[in-house]
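Below is one structure, written out as structure tokens; comments come after it.
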Amino acid sequence: MSPASAPSRPSKYRTLLRRFSSNPLALVGAAFFLFFFLMAIIGSHVAPYAFDAQAIANRLQGPSWAHWCGTDQFGRDVFSRIIVGARSVFFLGGSGTVIAAFFGLMLGLASGYYGDLFDEIAMRGCDIIMSFPSLLLALVFISLSGPSMVNLVLIVAILYIPIMARVVRSMTLEIKSRAFVEAARIRGESDPYIIFVEIMPNTLPPVFVEMSMRFSYAIFLVASLGFLGLGVQPPSPDWGMQINEARGFLSNAPWVLLCPAAAIAVLVVSTSLLSDGIRNMLQPSMGKR
Amino acid sequence: MVKILDVDNLSIGYQTESGHVKAVRRVSMGISRRESFGLVGESGSGKSTLALGSIRYLASNGRISEGSITFMGQEITGHGPGRMSRLWGRHIGMVYQNPSLALNPSIKIGWQIAEAAQIHQGLAKKTALDEAIRTMAKVSMPDPEYVAGLYPHQLSGGMLQRCVITMALMNNPSLLVMDEPTTALDVTTQAVVLDLVSRLKEDYDSAIFYITHDLAVVAQICDSIGVMYAGELLESGPTKEVFRSPRHPYTLSLLGSIPKFEARHRKRALSGIEGMIPSLRELPSGCVFSPRCFMADDGCREMATRLGEIGPGRFSACPRWREIEERKKDIEQTQSYPPPEDETPSLAVDSLAKHYAPISGSLRRGAGRNLIKALNSVTLCVRKGCTLGIVGESGCGKTTLLRSITGLVEPTHGEVRLEDEPLAPKVTKRPRSILKRIQMVFQNPDASLNPNQTVAKCLERPLKIFTGLDRKGRREKILEIINSVNLPSTYYDRLPGELSGGELQRVGIARAFAAEPDVILLDEPLSALDVSVQAALVNLLFELQAKSQPSYVFISHDLAAVHHISDWIAVMYLGRVVEFGKAEDIFRPPFHPYTEALLSAIPNPDPDAAQTGIRLEGSVPSPSSLIKGCAFQSRCPRVHGPECSSVEPPMQSSGGQVRIFCHIPLGDLRQVQTSPYHDAVGQQ
């Protein structure tokens, strides 16, 4: 499409990459995040033991070369269970966040663009959802509908749609008043064209930043639900559930509890480092304090 | 004479993400007691860096790399922030561009001003407040005791700036640094503040360091002037001499870029400056100005230049300054653009009005009784191929008028007609054939283009909607349009972030012209741009109009620019047209008292010209429906009688084609008013 005479200019992606890689904390975050993400995909194939292989004789052994994180009350390998459990964390948190981002984006765009009564109803709806403590709302929802994978994804999405919608709405309100949108109106462009071609691309950077942040909160939420026994059901491994089950042996076998807890902490921290890095990359002026 | 501030061979650099930038290079200058020094330059010329650097008030990544600064005979180049802070506020006062950011919104004005004296003179709180009120009275603040008890949000911009100036004056500083103090203000308010500034150096015995992009302001208030370009001082000297006989080609070109308020210069191309200001990272070799200079030769491009004394008190960085006088005519423009003979009306608005409900918050609609009348029965008309200029201060309704014409806002009453065909009030109800014929250029070039769309994409859309061109045809047409606004074809797939302000505005203009409309609405298209860029765009607008004969509706607060490019002019105040007529007649007496005040408020880029002294006090009132009679009566210096505040002013026609809405008989106005034209004044 471009004329042959166009001079080479620094690629936009290269600039973004350079900005990201100049931030060492973001790189560390990205490394841990990628490790867990990889495990979520291939974890069940590379785990040293099957996650449900019981060996009662070896129960509650401390960390050793054979069992890096020791074994639990049924003699199952804690490390393998953590690796395999990464999948449910990523699946629940990730798909919940993506769904929330999609619907939040649509709702926010429509709310901000059309304003008036639609905006009023949508935003008050969001207020209602946000006025409940998220864990409480999740507990009520899961106890009513049952702890299935679908319901867990759904509750993550429901909790985060209002937050995403608010971010997008405020961006939309600001962009809507800019002159290029007025120029499009004067050209007689349709509403969908203005919303999706003129406005939406400009709202995406903050949406990505918010998504990465929401994902780290989603990990927390899923782990908390697992801890309360409302997450992934046994025998599938789940970090929160692992911690809950290990409570009884905290004094004589702390590794059974501490290892999955550390996994949660590392993943949450690395995700928020990553999200800081993404924010600095996409919105360099916002990151500086 | 002892200099208050003496800067010798100063260089200042910034450490940035992508390396070291030398923002100011080898600058020498000085300011004496009771002298006002105006530093002019376009954006990015380093004028603020020089001013702040010379009082050691740089951002944390700024460093002085060479040179020395002497303040009141004391070397301050090596002073740390601790020693400097005893000078700042005590001996050096500072006034910023935006007064509402310079004041703390939660402290009463009086206490904020008093604070300066409490800290530096150790006065008690109460004494300091009395002192503050005394100083406020000294800068002719109306009712200082009352104002001292107010919070910043209760005051208008002009009043706030006067408070900031008062604060800077509290400790009788020896040096007052003012960084574009009137740029954010309206012309009539600017005039009041400038009057104050020009009195200060006598009343306070201090030196003034005045930074601005506006040559006219310098001409009006400064004794001497320095012209900066790309981090170097190119010329300095007494203001009158520099304006009369510039000794650097840049100064000459800069003066040629401002539209002159003279009848014979109207509708003429401006001389302007080719090219754009160089990036500080890629400075040209030799003289910094050589790539854009009309008299540059190979010698200029190779040999670096330095500021040298060329006469008593006059300095120029151009070694060939003697040639300027005779080469002057090389850049003089002779091209003029007279309006077409054809007098058929193109766009007309008929008693257009737009009223807003004052509270537009959620669930409270329709609660307002006092409507905000942003527009009040405005009747105007543009002829084919002509330019209608609309001038007025902020809040006069000129933008609402444009938006009603486009249909972006739906007028409350009245109609818009295009060649006698009434248009639907809402843009969404207008057919494509109409939309194609009215296009708009916006004020802020940064916001007028979508940052995610390339230049080509942005220009392609109107072609796709309004013309039947296929993909290949559109591409050819885009390249043609890009070239017609004097941009290189390589800009085809650039993103807006890679373009400068002037280039962005060219693309904005190109987009408006793409579908060859009949009417182009220009919403302050020049006001966000530098002087030399403005000149180039004025020429471009003239060229494009001569080529395809669209009508322009040009709105601006800049009377000189409107005067320069318009065939017809309307003066607006508070949503009403107070005067409307042919451009050549409208600025001849008699004129509406508001027009008169505007005319006397604009600073004159000729330091020899006499200034007329009509100043408007107070600020533009809110355009609510409570106003009875003439909208201007609350500030009018020539109130006629009780009918001004009770009866709508009648329309009067003066000789020529001018309509004036005023109660005062035109004969009376003619007697007391003088022509604003500088050439006419010169002849008398």
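Computed from the coordinates by the stated procedures, all read-outs in this text should not be read as laboratory data. Fair warning: this is a prediction, and the values are worked out from it, not measured in the lab. Cβ placement follows ideal geometry from the backbone for every residue including glycine, while neighbour counts extend to all protein chains displayed.
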Practice problem: Working from Cα positions, state the angle (0 to 90°, nearest 10) between the long axis of helix A:78-89 and the longest principal axis of chain A. | Solution: 30 degrees
Quiz item: Are there GluC sites (Glu not before Pro) in the range B:553-661 that DSSP marks as loop and that have at most 16 other Cβ atoms within 10 Å, and which are they?
Solution: B:Glu617
Exercise. Would you please report the Å³ per residue occupied by the convex hull of the alpha carbon atoms in the range B:101-170?
Key: 75 Å³
Self-check item: Amide H partners (placed H, <5 Å) of B:Leu123, local residues excluded
Solution: B:Gln118
Quiz prompt | Cβ-Cβ FRET estimate between B:Asp350 and A:Thr15, R0 fixed at 51 Å, reported to 0.05 | solution = 0.45
Practice problem: For chain A, find the longest principal axis of its Cα atoms and tell me its angle to the long axis of helix A:12-21, 0 to 90°, nearest 10. | Solution: 40 degrees
Quiz item: Under a point spin-label approximation (7 Å from Cα along Cα-to-Cβ), what is the A:Ser148-B:Arg281 distance to one decimal in nm?
Solution: 5.7 nm
Quiz prompt | Gained length - B:Val647 relative to B:Arg199, 0.36 nm times residue gap less alpha-carbon distance | solution = 157.3 nm
Exercise. Mind pulling the angle between the C-alpha long axis of helix A:255-282 and the longest principal axis of chain A? Nearest 10 degrees, somewhere in 0 to 90.
Key: 20 degrees
Self-check item: With 20 Å bins from 0: P(r) over the protein assembly as shown, alpha-carbon pairs, percent
Solution: 11, 35, 34, 15, 4, 0
Quiz item: How large is Rg/Rh for the range B:401-465, to two decimals, with Cα atoms and a Kirkwood Rh?
Solution: 1.02
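Set the Förster distance to 41 Å, then compute FRET efficiency between A:Ser177 and A:Trp68 from the Cβ-Cβ distance, nearest 0.05. Mind dumping the intermediate values first?
On the way: r = 57 Å, r/R0 = 1.38.
Computed FRET efficiency for A:Ser177 and A:Trp68: 0.15.
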Self-check item: Expected 222 nm ellipticity per residue - DSSP helices of 4 or more, -39500 (n - 2.57), all of chain A, to 500
Solution: -22500 deg cm²/dmol
Self-check item: Protection proxy ranking of A:69-79, B:106-116 - average other beta-carbon atoms within 10 Å, highest first
Solution: A:69-79, B:106-116
Quiz item: Once label points are set 7 Å from the Cα along Cα→Cβ at both B:Lys547 and A:Ala57, what is their separation, rounded to one decimal in nm?
Solution: 9.1 nm
Quiz item: For the range A:45-59 and the range A:251-286, what is the separation of their Cα centres, given in Å?
Solution: 26 Å
Quiz item: If you find the alpha carbon centre of the range B:106-179 and of the range B:399-474, how far apart are they in angstrom?
Solution: 48 Å
Self-check item: Gain in span if fully extended, B:His413 to B:Arg327, counting 0.36 nm per residue against the direct Cα distance
Solution: 25.3 nm
Practice problem: Any chance you could check the Cα centroid distance between the range B:515-530 and the range A:118-165 for me, in angstrom? | Solution: 48 Å
Quiz item: For chain A, which cysteines have no disulfide-compatible partner, meaning no other cysteine Cβ under 4.7 Å?
Solution: A:Cys126
Quiz item: Within straight cross-link reach of B:Lys477, meaning Cα distance under 17 Å, which lysines are found once same-chain residues fewer than 8 apart are removed?
Solution: B:Lys436, B:Lys457, B:Lys464, B:Lys547
Practice problem: Note down the nm distance, to one decimal, between modelled labels 7 Å out along Cα→Cβ at B:Ser156 and at B:Arg615. | Solution: 1.3 nm
Practice problem: Summarise the partner chain shielding of A:187-196 as one whole number: the mean count of Cβ atoms from other chains within 10 Å of each residue's Cβ. | Solution: 3
Self-check item: Computed E for A:Phe196/B:Leu479 - FRET, C-beta separation, R0 22 angstrom, nearest 0.05
Solution: 0.20
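For the range B:392-442, which GluC sites (Glu not before Pro) are in a loop by DSSP, counting at most 14 other Cβ atoms within 10 Å?
Values: sites: B:Glu393, B:Glu415, B:Glu419; in loops: B:Glu393, B:Glu419.
Answer in residue order: B:Glu419.
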Quiz item: Cα-based Rg of chain B per 2.2 N^0.38 Å, rounded to two decimals?
Solution: 1.00
